[in-house]
1. Name the residue that is nearest to B:Asp158 (Cα to Cα), counting only residues in the range B:236-250 that are away from every other protein chain (no Cβ under 11 Å) and crowded, with 22+ Cβ neighbours inside 10 Å.
2. Looking at B:Asp380, B:Asp364, B:Asp387, B:Asp392 in this structure, which one is at pLDDT 75 or above, part of a loop (DSSP other than H, G, I, E, B) and either among the acidic types (Asp, Glu) or surrounded by fewer than 19 Cβ atoms within 10 Å (Cβ to Cβ) (or both)?
3. Which ones in the range B:206-231 are of a type in the set (Asp, Glu) and touching a Cys at 6+ places or on another chain (Cβ under 8 Å)?
4. For the range B:420-459, what are the residues that are under 24 Å from A:Lys175 (Cα atoms) and outside any helix (DSSP H, G or I)?
5. For B:Ala181, indicate whether it is within 26 Å of B:Gly228 (Cβ to Cβ), in a strand (DSSP E or B), away from chain A (no Cβ under 11 Å) and aliphatic (A, V, I, L, M).
6. I'd like to know if the range A:188-204 contains one or more residues that are modelled with pLDDT of 95 or more, surrounded by 23 or more Cβ atoms within 10 Å (Cβ to Cβ) and outside any strand (DSSP E or B).
7. I'm checking my understanding of the structure. Among residues of the range A:556-570 that are in a loop (DSSP other than H, G, I, E, B) and not aliphatic (A, V, I, L, M), which one is farthest from B:Val641 (Cα to Cα)?
8. Tell me, which residue of the range B:447-466 that is facing chain A (nearest Cβ under 9 Å), modelled with pLDDT of 95 or more and under 22 Å from B:His49 (Cα atoms) is surrounded by the fewest Cβ atoms within 10 Å (Cβ to Cβ)?
There are 2 protein chains.
Amino acid sequence: MSDTAVDQPELSELRRVFDGRWGRIREEARQALRRPEFGLAADLDRDAHRQHVWEQLQQLAKVGHSRLGFPTRYGGEGDTGGSVVSFEMLGYGDLSLMVKSGVQWGLFGGAIQALGTDRHHERYLPAVMSLDLPGCFAMTETGHGSDVQHLRTIATYDPETREFVVETPHEAARKDYIGGAARDARLAVVFAQLITQGESHGVHAFLVPIRDDAGNPCPGVRIGDCGGKAGLSGVDNGRLWFDRVRIPRENLLNRYGDVAEDGTYSSPIENSSRRFFTMLGTLVRGRVSVAGGAGSATQTALAIAVRYGEVRRQFAAPGRDREVALLDYLAHQRALLPALAKTYALRFAQEELVTTLHELQPADGLATAASPAGVQHGADGPRPSVDTGSGDARDDGEAAERRQRELEARAAGLKAIATWHASATIQACREACGGAGYLTENRLPQLRADTDVFTTFEGDNRVLLQLVAKGLLTGYRDQVGDLDALGMVRFFADQVWEAVAERTSARNLLDRLRRVAPGRDEEGDLRDREWHLALFEDREKHVLDGLARRLRKAGEPDADAFAVFNDAQDHVLRLARVHVEQVLLEAFTGAVDRVEDPDTRALLDRVCSLFALSTIEADLAWFLGHGRMTPGRAKRVTAAVNELCQELRPHALTLVEAFGIPEDWLDAPIAQGAEEQRQDTMHAFDTGAPETRAEARRAG
Amino acid sequence: MSDTAVDQPELSELRRVFDGRWGRIREEARQALRRPEFGLAADLDRDAHRQHVWEQLQQLAKVGHSRLGFPTRYGGEGDTGGSVVSFEMLGYGDLSLMVKSGVQWGLFGGAIQALGTDRHHERYLPAVMSLDLPGCFAMTETGHGSDVQHLRTIATYDPETREFVVETPHEAARKDYIGGAARDARLAVVFAQLITQGESHGVHAFLVPIRDDAGNPCPGVRIGDCGGKAGLSGVDNGRLWFDRVRIPRENLLNRYGDVAEDGTYSSPIENSSRRFFTMLGTLVRGRVSVAGGAGSATQTALAIAVRYGEVRRQFAAPGRDREVALLDYLAHQRALLPALAKTYALRFAQEELVTTLHELQPADGLATAASPAGVQHGADGPRPSVDTGSGDARDDGEAAERRQRELEARAAGLKAIATWHASATIQACREACGGAGYLTENRLPQLRADTDVFTTFEGDNRVLLQLVAKGLLTGYRDQVGDLDALGMVRFFADQVWEAVAERTSARNLLDRLRRVAPGRDEEGDLRDREWHLALFEDREKHVLDGLARRLRKAGEPDADAFAVFNDAQDHVLRLARVHVEQVLLEAFTGAVDRVEDPDTRALLDRVCSLFALSTIEADLAWFLGHGRMTPGRAKRVTAAVNELCQELRPHALTLVEAFGIPEDWLDAPIAQGAEEQRQDTMHAFDTGAPETRAEARRAG
């Protein structure tokens, strides 16, 4: 294999590439979070863990983590992208702290920022940043999580007193799983149906005080504790019931809809559904952040498992004087290395996504978007994931909306795939560490349990993928967020075919058919990136075509529209998955292209090939079934994945070291005390001599 | 779909089929475990949970759970199969209690029973059963888990004092993850290399007291606590170090090897490797039990998720007056119903496996095997999973050994597939319940975390699958347990081809080719069970052929035998998987054939079809790539899985009710308070009227 070996690149160069545009923020976070007060909490019970995280959160506010994403005019740093990256960095430590900070500064503070107006910003944002005003984000209800458009909490305007009356009309309408509600939050952003003058205007956000300064529930507010959870025990999730709670009119976050003193409703957006999804769209940073945080946890797990796989040995082999290191087994490589490759792909796609978010939703508003504070626009930075249109004078409203919708779809797709990847990869890492991986001291159990909820919070992954598919089907021209089955069916019936037909024009078709023609593939290089890209693009288009054709039937007379939609649901999810895979491959390819150092580039290029080929391998049934690949080439794909695993095996440690996880955070004996695990294959049962350095130390 | 609907069978009949041969034991367990002292522990910290489980274990000893698997002459009930089933029943409750009971009566007591002789049985078994003597099973070491043949703990015979000196020679040789060691165990079965007269005779089991009656460590024994784990917090896993601990010569469990007073070693089995794996083989009940326990936890999770999917509704749909129940969505059905079908398949395969174990390893010895106490041999019972040879007078030693090896391989394979299935299915159930599924009160987090370790304890699943493959390659003629890479490579090089060639004779080949010929499949019924069986059998044989061919290269001159073996490792795992899938399908088919009630039979037949077709769908790449299926038929497979999901959807609740899980054990609000979750699709924001019965209750 000497002709296929790549040289080990400089770790610093690889890390620079991995760190990306916000590398400075990452490095600052590594320094700041190294302080002992941010250390991992060992084995605390729920109450103690909550208290510990609460204290850490106050420390975080002091080091300025909280200010990054807020406008400079209120004391923030106006760096949207930096705020996401900073959140991501917390994902290497205790995820309870990460989520708790996300609730306070992302969801709670972010909602005030995005949905409120100056009067709210001035009054609240400084105290939000300093944590003098702890809050929560009360959207989800027991009965409505995915379908938040139909939340049941009610806020009825009373012109007599110029107040809203907030009410939980029945048990399923209680606010549920609300981070911060059980213990710390004093003010809640409550999402409720706004009713005024006898008319409902859809869901709006209201500021509702839930606890007084002494920590007691406010009158009319009942608070419950969700109690134990699989993980995240440092986050105080709770339930809220409102019994005709009165709040001033001004507590409506009124950027997208307002009620005059006399009860007259007004909004810059006529259609209530469109208005609601516009509001939701401003909160997309939450999903982007979860995708990033999931990435950090995944990287930590991989770093632990790869280190363990280097030192733990099992079974003798002919011609080897020591037992075989776990990572030398193909099955072990198979369990970890394709996951490692996908982790890199997700990292690069995340970088693009954050760049897009940063440019489309600048913390200081569009006026200052061109050069937000603290961010360097390098020539070698990634493209935004969608055309952000910055600097284009002809930019019009429709195009801006379309970009926003594409951002939302991209965020939804990456969030879904990144969080499932986290669950699966951390699980694989746990199993790869055997019994040791089951022990809390080795961190994997907590990583697994803490990240588990990521697949369903900030949007259930399957629902999010449907949102991705809808965006593709409509060319981002329809309100993407509206996933009411009725709405989807009607939309598909009317418009889908046209939109899709436009996207998959004959010229494209011919072009891609030429690239992936089955006749040509026998002799082709399996690592040809152009071939991978063509294959992924062709697959997405084909799946999209087929789905559009199926959904069109919903519009036929006598069609059971729901049945047509429902029967195609697996096809819908499939479209979203293949789309995200294409996004990942493109992002990875782009990142490799930007690397100048040849060794780093050569290594990343192989990692990218492993990602591409292992993704193709996982979907071989499709490629075979659709004539995109011959059986012979399909077998070669599997062989190529095996080869790449073996070629990358010597670089596995370098690839995880590039994550730049501070040693303190890899606080797992199996990741640190490598020597303790070392042993050799000599069957020296008849000697009392120490066999390892660890033993020698112990004996000494 | 009216022509495809099946009638709802009687639940009692379905449950009878599901319960199987040891139905009486199951029913007794349901009654006994309903008592309040076996209730689930709510939210205890580690110390309290350990104490709680310890107290429950004492109650279990009193109700007689502990006696089932032990010989009648020492007060047991002589029912091997019953003991496994009884363990399995504990899997519906707190899995810490299940594992704790498995340690005491399965591993610890079972080792004394299987590896000891009368002197040990008389002295220890009564106190083991009554829990007067709590013990542990100290096999795994930090450095050796899968490769237990090469454990490093040493027991050296000292003829001067007629004692063994037990020693931990270095840190990696400490006993690790040992259930019971941290708190409760007083006596340990310690596996150590037996050395006498300067010669090592391989690993043997020794009884080593580790704590005195006051609970203090015995002299020379150091005990550590493994601390927190992902789950099973009620089990006190610990570490043991032995510093020249002296034990009487009689403490060697001497069934398969003994040391005379003067230090002379003797054994009925000459070859030390063969001896060791014979010993291990007697302990196979542990793996069978884990497979069963994993099944119970899986069933509990499915019961919770299916109930929730029936009542939780989300999103409106045209033509429906209420929001759509989650289980009506195809994506939701896809997430749960194929897993439910496989759960049934595993249940029936487990029943066969337990029957085989029961007949090959009777608790009272072979003399009384024909009619063990408390077991009814019904004419409609399952076949044992392998020919147990009972009643065959010509039965000889070689055949018996082969059957034993087949049992071991079958147990290894089912354990691996059942425990992975548990992890994946409980995870799917958690996600299917959204945020509610993340709450401890709904049990899914604990089920997920507790079962997680099953994939690596009692044998790492990937290692176990290699054992399955080795059995297939050798026709069970070699010592199956020996997975030392060196041994495997040599064996493959020498003998594999011959054994495989014999198994896949030309006649078989022609027969199966006729059945699965691609030309015939376009028009064939996709639910034809004969076709499924032929397809599965053909696939196993083809994978086996191919693997044997690859491994043969290891025997060529200049071959790097380890590389040949390692490069084929994914192929090895694949062979084992497809084999187990074939075993599952055959067991399921057999179970359906034995059902007389037509409605029950019709329903189970569909569930079996869903299992077969979803399994085929998951491996479509292979069937397409090997010309076993045309692309057109492959698409129809996916469509057929969707159809079966929709046909079985109305029966989902019945299928989980058939598990017979007592209501107390489904102690999850989302599974019990169905009405609490109910709500309708009326957008009645302008009315204060209660919409649900739950709300009416609350208001009243």
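The values are calculated or read from the model by the stated rules, or taken from the named source; none is laboratory data. These numbers were taken from a predicted model, which means no experiment stands behind them. A quick note on method: Cβ atoms are made from the backbone with ideal geometry, for glycine too, and the neighbour counts reach across all protein chains shown.
1. The initial filter retains those residues of the range B:236-250 that are away from every other protein chain (no Cβ under 11 Å), namely B:236, B:238, B:240, B:242-243, B:245-250.
Applying the additional criterion that residues be crowded, with 22+ Cβ neighbours inside 10 Å yields B:236, B:238, B:240, B:242, B:245.
Working: B:Asp236: 33, B:Gly238: 28, B:Leu240: 22, B:Phe242: 16, B:Val245: 12 Å.
Out of the qualifying residues, it is B:Val245.
2. Numbers: B:Asp380 fails: at pLDDT 75 or above; B:Asp387 fails: at pLDDT 75 or above; B:Asp392 fails: at pLDDT 75 or above.
Just one listed residue meets the conditions, B:Asp364.
3. Of everything in the range B:206-231, just one residue is of a type in the set (Asp, Glu) and touching a Cys at 6+ places or on another chain (Cβ under 8 Å), namely B:Asp212.
4. Matches in the range B:420-459: B:Cys433, B:Tyr438, B:Leu439, B:Arg443.
5. no
6. For the range A:188-204, residues modelled with pLDDT of 95 or more, surrounded by 23 or more Cβ atoms within 10 Å (Cβ to Cβ) and outside any strand (DSSP E or B): absent.
7. That would be A:Pro557.
8. Here the residue is B:Ala449.
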